[in-house]
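Asker: Sharing a structure with you now.
The values are calculated or read from the model by the stated rules, or taken from the named source; none is laboratory data. These numbers come from a predicted model, not from an experiment. Backbone-built Cβ (ideal geometry, glycine too); neighbour counts: all protein chains shown.
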Amino acid sequence: MPTTKSKTKKAEKYIEAVGRRKTSVARVRITPNGEGIVVNDKPYKEYFPTEAMQKIAEDAFRKTRPETRFSVSAHLSGGGIHSQVEALRHGISRALNEFDGDLRPPLKRAGFLKRDPRMKERRKFGLKKARRAPQWSKR
């Protein structure tokens, strides 16, 4: 006789958004219960060592000052650590905007809803780098 496990814990409702910058991608889930920010299964203060990066991660909450406290779970990949923290901010901002449309104006004014697309240009054949040609010699 097959046994079925009953789910005792009710699944919490969350809002998911994707934040990007350069080649970094942040998959962000916010849950309205206020436990803090967790990045790649680590506390964000451990993942982002400098105070400046920690401020960038919290920026979306500082600008909007939402009444609800949120728990943030994020999975980051690609790019460098600074690019990842800005992708995280972008993802949190998009999730907050989805949660409450009234938070859009301060986020938009701060520029947190705009993706920063600046990436390194690919190298072309016949060139040393993306645009750097080999040194020209007359003879």
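Asker: Just the residues that are surrounded by 11 or more Cβ atoms within 10 Å (Cβ to Cβ) and either of a type in the set (Gly, Ala, Ser) or more than 30 Å from residue 71 (Cβ to Cβ) (or both), please, taken from region 99-110.
Answerer: 110, the sole residue that qualifies.
Asker: So, one more: With respect to the numbered conditions (1) surrounded by 11 or more Cβ atoms within 10 Å (Cβ to Cβ); (2) over 23 Å from residue 12 (Cβ atoms), which one is the sole condition not fulfilled by residue 125?
Answerer: (1)
Asker: Taking region 88-139 as the search range and keeping residues that are free of Cβ contacts under 8 Å to residues at least 60 places away in the same chain, hydrophobic (A, V, I, L, M, F, W, C) and in contact with an Asp or Glu (Cβ under 9 Å, 6 or more places away or on another chain), which one is farthest from residue 26 (Cα to Cα)?
Answerer: Checking each candidate, the answer is 130.
Asker: Just the residues that are touching a residue at least 24 places away in the same chain (Cβ under 8 Å) and of a type in the set (Asp, Glu), please, taken from region 40-74.
Answerer: 59, the sole residue that qualifies.
Asker: Something else: With the condition being more than 25 Å from residue 118 (Cα to Cα) and modelled with pLDDT under 90, I'd like the strands (runs of 3 or more DSSP E) fully within region 1-103 carrying at least 1 qualifying residues.
Answerer: In region 1-103, the matching strands (runs of 3 or more DSSP E) lie at 36-39.
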